[in-house]
Amino acid sequence: MKPTPLSANGQMPVHRPSDRRPRLDALSAAGIAAFTQLFTAAPETTASDFGRLTGDLVMRSFPATGSRLLGPLMDRPAYFWVGKSFRHVDGGMAFGHNIFRLLGGMRALNFVATVGASSVDGRAAVRLDYDDLRAGRPGPAHRIYDELREIEPGLWLGPSYFKRGAKLTSMGWFALDASIEFDGPL
């Protein structure tokens, strides 16, 4: 996967991911009921694994509620949420943000990614913290907390939560596929 270069004005351009997404389609077909087992069966995330989670990765969301209505919409390549991006600053931390098609392409909802104990089973996973001040001033996503594990090479899966104090409420799952190429600009 090629990292997204900085443009002349310092902004990273948003590119259009390929519409061909066989591994994400297979996850959709497996259904959300299979995701906990896939996540817990995956090996613990190591620093080396975390280092491969870099650049722009295509995302698919799987909602916890309303999946009959929202699921088919989120399965479409034209869905407004394109992916997540990771930029490592050292071996133990990466800055990231979400990538949207909105307004001709937008990067927003910053997070800090580290490896630590998963809220699902206590084993090592990538943790995405949207409330970490190192990612900038927390915005509307500061109550979101995500986790990821690599369930097959380049395919990452994890739960997404709404955080209120120490309590986590499931919002669903999401997957990132590093094997999907990004074409030209949106």
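The numbers here are math on the coordinates, done by the rules we state, and not lab data. Please read these numbers as outputs of a predicted model, since none were measured by experiment. Heads up, the Cβs are rebuilt from the backbone with ideal geometry, glycines too, and the neighbour counts pull from every protein chain shown.
Observations on the model:
- Net lengthening on full extension, Arg101/Val120 (0.36 nm per residue, minus Cα-Cα): 3.8 nm
- For the stretch 97-186, applying the loop criterion from DSSP together with a ceiling of 14 other beta carbons within 10 Å to the GluC sites (Glu not before Pro) yields Glu181.
- Linear extension gain, Ala166 paired with Thr46, 0.36 nm per residue minus alpha-carbon span: 40.7 nm
- Phi-based couplings in Hz for the stretch 143-148 (Karplus 6.51, -1.76, 1.60; Gly and Pro marked x): 9, 9, 9, 10, 9, 9
- With the simple spin-label model, which puts each label point 7 Å out from Cα in the Cβ direction, the Arg20 to Ile32 separation comes to 3.0 nm.
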